[in-house]
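What follows is a short report on a single structure.
The values are calculated or read from the model by the stated rules, or taken from the named source; none is laboratory data. None of these values were measured; they are calculated from a predicted model. With ideal geometry, Cβ positions are generated from the backbone for all residues, glycine too; neighbour counts draw on all protein chains shown. We work out accessible area using only protein heavy atoms, side chains counted, and drop any ligands, DNA or RNA first. Shrake-Rupley method; radii C 1.70, N 1.55, O 1.52, S 1.80 Å.
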Amino acid sequence: MRQGGDLEAPLPPFEAFYRALNRREPLPWQARLAKVVAESEAWPAEIGVPTGLGKTACLDIAIWWLASQAHRDPGRRTAPTRIWWVVNRRLLVDAVTDHAEFIGRALAEPASEGITGDSARAVSSVGDRLLRLAADPKGSNPLEVIRLRGGVASGRPVDPSRPAVLLSTLPMYGSRLLFRGFGTTRSMRPVDAALAGTDSLVMLDEAHLVPHLRTLIADLRECTPGAGPVLPQRRSSPRLVALTATGDVRGGNRFELDADDKLHPVVRQRLDAAKPVELRVVRPGDAGPPLATAALDLLGRAGRPSACVVFANTPRTARSAFAHLGARMTDDQAQILLLTGIVREHDAEGIRERVVDPVHGMAANRLTPERRQRHLIVVATQTLEVGADIDAEYLVTEACGVRALTQRLGRLNRLGRFRHARGIYVHCPPRPDRGSQSWPVYGPEPVSVLARLQAAGNGSPVDLPPRRVAGVLGAPGDDPGRAPQILPGILREWTKTTTPPDGEAPVEPYFSGIAGAEHRVSLLWRCHVPGDGEWLWPRPAEREVIAVPRRDFRTALGEDERVHRIDPDGVTIREVAVSAVRAGDTVVLASDRGLMDGYGWNPESSQPVMDLSL
């Protein structure tokens, strides 16, 4: 633990701070953005940088910028104390979280992360300045890092004045902003709303996934016209920064690569990374088998053990592809992993370790001279599209939208190191009984994506490096739909956190949109389930909980089955029918109820589930 803090130590230039932490020079755009932020004392509305070019450095910039203002009187400081990194995915391989935790440890004790000499002094000077911002700097770490991913996560900064990085899914942030924090107690909802809604810099990773949150925050200001700012104007409400690799979010104040950036050898190598993609149109039906076949075809031509990522659009299709691959390859031939996002953190840890293993995994910083002993195949849903710093040699993807395909291609030959990189785009039309050409998640957009790819390839594979992909795929055709309009009366109801009114509006459509809202129920398994009115002990922990779509929960258990729901106090059990379980509720299931396996939610599994509280 650091003690106190020294404002007399000179603040290092951003380049020196970045070099000390990352052991490499920042890319030109990263250093230029730090200068823009420091000189203007504000962030651009959008950071439009292609995937694979280090948008994670925005976290380094935000921390350094906050330290640069630590000497100011609180009334003059414009840099927010809390940095939220928000993404509309439950990420299992999350490079941003790993990096934030590394920065937190390095600022507290540089030597613990192997940082010595001048580098240690540069990092320590930033840490000392951050310490001075806390109300009680003694015995604190310079930067608190909190991860809010599960349905019962209740973490929050211990001291609101202490610098913090909060890594959050959209529902976890949005529900807190609207006084209905998922997984929090009623007594703490006002506190969580204040932590989300004031003195916060909110970075929206792949902002096209969260368009309604941007509108919501602007509307919230109009709902309270008479409220005076408690903090300086720039810190009195959330400051939003949209991070996007897929363009056309809003326009306006947008930061992008310039001509000099594109001449940098590292940037040029990644922008021109070869990504030839073959098109396959298959019969309507289950896309799982053709996805598995495509992966086997790629690996059959590889000539040596390689890494392949297979993207499916839904957990059902991912499990189908996973099962077909497992039936056609032995353990000696390949290690096959499944990532759907509906998995307990405890189980996800083991999967994540294998994906990012420095020798056998597919992390972008993998030790490339090490030869694999067998293939590595990762079958995933959208959980690997954003935030995953992985670099696969081969890629198979189910038909999807422009933005999703752009993101998925960002995991293929990410650093431009694999000349043999190849991909296959599998277009599996919906079954005729669906009645329309509409895909789950992506609607009709895959029809136009296929047409553009066919026109560009003319029967041959289409090369889609980051420099060319937007020109080939064209403008995205996704429709975020609409969100309900927030009104002062609705907001007043939400602020009644101790005794919420009956029939109040659900919060999720206001930040996820009406069509995009995924109403989820949190589940955990225990050997002993208390009866009605009894207490659950120990309290639920984030690592033992999964968040399942409410419709899937109801389908698996039936409307009439009795389940044990946890009250808002976090411990009292109420026995209710499945039909009475609402979005955001937490339910305790008996371990012998099944419904899960080692890769997460599986309604077909009847095997006992390990009680992680033991």
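Taking the condition surrounded by fewer than 18 Cβ atoms within 10 Å (Cβ to Cβ) and within 30 Å of residue 267 (Cβ to Cβ), does residue 431 pass? It would help to see each step written out before you state the result.
Values: surrounded by fewer than 18 Cβ atoms within 10 Å (Cβ to Cβ): yes; within 30 Å of residue 267 (Cβ to Cβ): no.
No.
For every residue, the table says whether it meets (1) out of contact with any Pro (no Cβ under 9 Å at 6 or more places or on another chain); (2) part of a strand (DSSP E or B); (3) open to solvent by 20 Å² or more (accessible area, probe 1.4 Å); (4) on the phi < 0 side of the Ramachandran plot.
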| residue | (1), (2), (3), (4) |
| --- | --- |
| 547 | no, yes, yes, yes |
| 554 | yes, no, yes, yes |
| 583 | no, no, yes, yes |
| 592 | no, no, yes, yes |
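If you check 415, 409, which single one turns out to be surrounded by fewer than 18 Cβ atoms within 10 Å (Cβ to Cβ), among the aliphatic types (A, V, I, L, M) and touching a residue at least 40 places away in the same chain (Cβ under 8 Å)?
Details: 409 fails: surrounded by fewer than 18 Cβ atoms within 10 Å (Cβ to Cβ).
On inspection, the qualifying residue turns out to be 415.
For the stretch 88-111, check the following and say yes or no: at least one residue is under 30 Å from residue 471 (Cβ atoms), surrounded by fewer than 21 Cβ atoms within 10 Å (Cβ to Cβ), of a type outside the set (Val, Ile, Thr) and out of contact with any helix residue (DSSP H, G or I) (no Cβ under 7 Å at 6 or more places or on another chain).
Yes, some residue in the stretch 88-111 is under 30 Å from residue 471 (Cβ atoms), surrounded by fewer than 21 Cβ atoms within 10 Å (Cβ to Cβ), of a type outside the set (Val, Ile, Thr) and out of contact with any helix residue (DSSP H, G or I) (no Cβ under 7 Å at 6 or more places or on another chain).
Out of everything in the stretch 489-508 that is touching a helix residue (DSSP H, G or I) at 6+ places or on another chain (Cβ under 8 Å) and buried (at least 19 other Cβ atoms within 10 Å of the Cβ), what residue ends up being nearest to residue 50 (Cα to Cα)?
First, the residues of the stretch 489-508 that are touching a helix residue (DSSP H, G or I) at 6+ places or on another chain (Cβ under 8 Å): 491, 495, 497-498, 500-501, 504-505, 507-508.
The next check asks that each one be buried (at least 19 other Cβ atoms within 10 Å of the Cβ); those that pass are 497, 507-508.
Details: 497: 42, 507: 32, 508: 29 Å.
Per the stated criteria, the residue is 508.
For the stretch 156-186, how many residues are open to solvent by 10 Å² or more (accessible area, probe 1.4 Å), among the hydrophobic types (A, V, I, L, M, F, W, C) and not in a loop (DSSP other than H, G, I, E, B)?
Counting residues in the stretch 156-186 that are open to solvent by 10 Å² or more (accessible area, probe 1.4 Å), among the hydrophobic types (A, V, I, L, M, F, W, C) and not in a loop (DSSP other than H, G, I, E, B) gives 1.
Out of the residues in the stretch 17-50 that are of a type in the set (A, V, I, L, M), in a helix (DSSP H, G or I) and touching a strand residue (DSSP E or B) at 6+ places or on another chain (Cβ under 9 Å), which is nearest to residue 61 (Cα to Cα)? Break it down stepwise before answering.
Keep residues of the stretch 17-50 that are of a type in the set (A, V, I, L, M), which gives 20-21, 27, 31, 33-34, 36-38, 42, 45, 47, 49.
Checking the rest, the ones that are also in a helix (DSSP H, G or I) come to 20-21, 31, 33-34, 36-38.
Those left that are additionally touching a strand residue (DSSP E or B) at 6+ places or on another chain (Cβ under 9 Å): 33, 36.
Numbers: 33: 8, 36: 10 Å.
Residue satisfying both the conditions and the ranking: 33.
Tell me, which helices (runs of 4 or more DSSP H) lie completely within the stretch 287-358 with 3 or more residues that are open to solvent by 50 Å² or more (accessible area, probe 1.4 Å) and at pLDDT 95 or above?
Numbers: elements: 288-300, 315-328, 345-355.
Qualifying helices (runs of 4 or more DSSP H): 315-328.
On the given criteria, is residue 609 at pLDDT 95 or above and outside any loop (DSSP other than H, G, I, E, B)? Spell out how you get there, then give the answer.
Working: at pLDDT 95 or above: yes; outside any loop (DSSP other than H, G, I, E, B): no.
Judged against the criteria, residue 609 is not a match.
Identify, from the list 521, 472, the residue that is among the aliphatic types (A, V, I, L, M), in a strand (DSSP E or B) and either touching a residue at least 24 places away in the same chain (Cβ under 8 Å) or out of contact with any Cys (no Cβ under 9 Å at 6 or more places or on another chain) (or both). Let's see the steps before the verdict.
Values: 472 fails: in a strand (DSSP E or B).
Only one candidate passes the filter, namely 521.
Tally time: how many residues in the stretch 429-462 are out of contact with any Pro (no Cβ under 6 Å at 6 or more places or on another chain), more than 24 Å from residue 206 (Cα to Cα), assigned to a loop (DSSP other than H, G, I, E, B) and at pLDDT 90 or above?
Summing the residues that are out of contact with any Pro (no Cβ under 6 Å at 6 or more places or on another chain), more than 24 Å from residue 206 (Cα to Cα), assigned to a loop (DSSP other than H, G, I, E, B) and at pLDDT 90 or above in the stretch 429-462 gives 3.
At pLDDT below 95 and open to solvent by less than 10 Å² (accessible area, probe 1.4 Å): is that true of residue 399 in this structure? Explain how you work it out, then say what you get.
Values: at pLDDT below 95: no; open to solvent by less than 10 Å² (accessible area, probe 1.4 Å): yes.
No; evaluated as a whole, the condition is false for this residue.
Need pairs with beta-carbon distance below 6 Å; first residue more than 25 Å from residue 55 (Cβ to Cβ) and within the stretch 100-121, second open to solvent by 70 Å² or more (accessible area, probe 1.4 Å) and charged (D, E, K, R); sequence gap 6+ or separate chains.
112/105
Can you tell me which of 137, 80 is assigned to a loop (DSSP other than H, G, I, E, B), of a type outside the set (Gly, Ala, Ser) and either modelled with pLDDT of 90 or more or buried (at least 24 other Cβ atoms within 10 Å of the Cβ) (or both)? Spell out how you get there, then give the answer.
Working: 137 fails: either modelled with pLDDT of 90 or more or buried (at least 24 other Cβ atoms within 10 Å of the Cβ) (or both).
Among 137, 80, only 80 is assigned to a loop (DSSP other than H, G, I, E, B), of a type outside the set (Gly, Ala, Ser) and either modelled with pLDDT of 90 or more or buried (at least 24 other Cβ atoms within 10 Å of the Cβ) (or both).
For residue 486, only one of the following conditions fails: (1) touching a Pro at 6+ places or on another chain (Cβ under 8 Å); (2) closer than 30 Å to residue 179 by Cα; (3) crowded, with 18+ Cβ neighbours inside 10 Å. What is its number?
(1)
With the structure loaded, tell me whether residue 126 is open to solvent by less than 10 Å² (accessible area, probe 1.4 Å), in contact with a helix residue (DSSP H, G or I) (Cβ under 8 Å, 6 or more places away or on another chain) and part of a helix (DSSP H, G or I) or whether it fails that test. Please lay out each step first, then the result.
Numbers: open to solvent by less than 10 Å² (accessible area, probe 1.4 Å): yes; in contact with a helix residue (DSSP H, G or I) (Cβ under 8 Å, 6 or more places away or on another chain): yes; part of a helix (DSSP H, G or I): yes.
Yes, satisfied.
Output the residues belonging to the stretch 194-210 that are in a helix (DSSP H, G or I) and open to solvent by less than 10 Å² (accessible area, probe 1.4 Å). Step through it out loud before you land on a result.
We begin by selecting, within the stretch 194-210, every residue in a helix (DSSP H, G or I); these are 194-197, 207-209.
Within the stretch 194-210, 196, 207 qualify.
Kindly provide the set of residues from the stretch 55-65 that are outside any helix (DSSP H, G or I) and open to solvent by less than 30 Å² (accessible area, probe 1.4 Å), ordered by number. Give the steps one after another, and end with the answer.
Within the stretch 55-65, the first condition is being outside any helix (DSSP H, G or I), and the residues that meet it are 55-56.
55, the sole residue that qualifies.
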